[in-house]
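Here is the structure we will look at.
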Amino acid sequence: QSVLTQPPSVSAAPGQKVTISCSGSSSNIGNNYVSWYQQLPGTAPKLLIYDNNKRPSGIPDRFSGSNSGTSATLGITGLQTGDEADYYCGTWDSSLSAGVFGGGTKVTVL
Amino acid sequence: QLQLQESGPGLVKPSETLSLTCTVSGGSISSSSYYWGWIRQPPGKGLEWIGSIYFSGITSYNPSLKSRVTISVNTSKNQFSLKLSSVTAADTAVYYCARDFHSSGRNWFDPWGQGTLVTVSS
């Protein structure tokens, strides 16, 4: 049981938009910054978003992050077949004094 | 370009100690502002943070694993290591090392090593 809650899967057609939610509490998302990771099949996770909404160099602006209270959202626009992957949210939990992740969301391009 | 590479045995017997090393290249492990962390992923499951270390030796561990985990750093070799004692089949996972930015509520991991599968079995 993950501290952060994500939907197991989302899907959309090529070119469309998907959003992935990440729900937490005041001890984690509510008071700390969120990061997002993309894990392509058989590879290591890759940082997509940090500090809630910042993109590392090389990450296209099709990927965006936002926060509201104790929830965060990752948005992917102009969906491509290469975006099929598992996506994880992460943050620090001040009560646990631990890094925590969501359970992951599988994105399928129809 | 900073790169991390995990190394260590791929098979560990139950009740023994899992030992892995992460070698950092393309940058110094003594960089300020960054910790160096271990994250694991059981087959078909999600990510779990194990712990992190600063180049000075300051450590932070996941409370759920703290009694069994030791993370150390060797700045002269630009390496940091993980030891997990009394392993069981539940510790079978891909183990990743990663640079860990952690400051004032900000926490993210980048880049990651390619990961190494460790199987616990007799």
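The values are calculated or read from the model by the stated rules, or taken from the named source; none is laboratory data. Just so we're clear, the structure is a prediction, and the values are computed from it rather than from any experiment. Note that each Cβ is placed from the backbone with ideal geometry, even for glycine, and that neighbours are counted across all protein chains shown.
Tabulated data
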quantity: Residue within the range A:64-85 that is surrounded by 14 or more Cβ atoms within 10 Å (Cβ to Cβ), free of Cβ contacts under 8 Å to residues at least 24 places away in the same chain, within 11 Å of chain B (Cβ to nearest Cβ) and among the polar types (S, T, N, Q) present; calculated: no
quantity: Spans of strands (runs of 3 or more DSSP E) in the range B:1-90 with at least 1 residues without any contact (Cβ under 8 Å) to a residue 24 or more places away in the chain and over 27 Å from A:S94 (Cβ atoms); calculated: B:69-74
quantity: Selection status of A:D61, of a type in the set (D, E) and under 15 Å from A:W92 (Cα atoms); calculated: no
quantity: Residues of the range B:25-52 classified as closer than 23 Å to A:L40 by Cα and β-branched (V, I, T), total; calculated: 2
quantity: Verdict on B:Y34 being within 14 Å of chain A (Cβ to nearest Cβ) and touching a Phe, Trp or Tyr at 6+ places or on another chain (Cβ under 8 Å); calculated: yes
quantity: Residue check for B:I29: crowded, with 21+ Cβ neighbours inside 10 Å, of a type in the set (A, V, I, L, M) and farther than 17 Å from B:D91 by Cα; calculated: yes
quantity: Residues being at the interface with chain A (Cβ under 10 Å from one of its Cβ atoms), at pLDDT 95 or above and either assigned to a strand (DSSP E or B) or at negative phi (or both) - total across the range B:102-122; calculated: 7
quantity: Residue within the range B:78-94 that is within 14 Å of another protein chain (Cβ to nearest Cβ), aromatic (F, W, Y) and crowded, with 18+ Cβ neighbours inside 10 Å present; calculated: no
quantity: The range A:10-45, subset free of Cβ contacts under 8 Å to residues at least 60 places away in the same chain, closer than 18 Å to B:F101 by Cα and of a type in the set (A, V, I, L, M), residue nearest to the other protein chains (Cβ to nearest Cβ); calculated: A:A44
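So that you can scan it fast, the table gives a plain yes or no per residue for (1) among the aliphatic types (A, V, I, L, M); (2) in contact with a Cys (Cβ under 7 Å, 6 or more places away or on another chain):
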{"residue": "B:G10", "(1), (2)": "no, no"}
{"residue": "B:S19", "(1), (2)": "no, no"}
{"residue": "B:W38", "(1), (2)": "no, yes"}
{"residue": "B:I50", "(1), (2)": "yes, no"}
{"residue": "B:I58", "(1), (2)": "yes, no"}
{"residue": "B:N62", "(1), (2)": "no, no"}
{"residue": "B:F80", "(1), (2)": "no, yes"}
{"residue": "B:Y96", "(1), (2)": "no, no"}
{"residue": "B:H102", "(1), (2)": "no, no"}
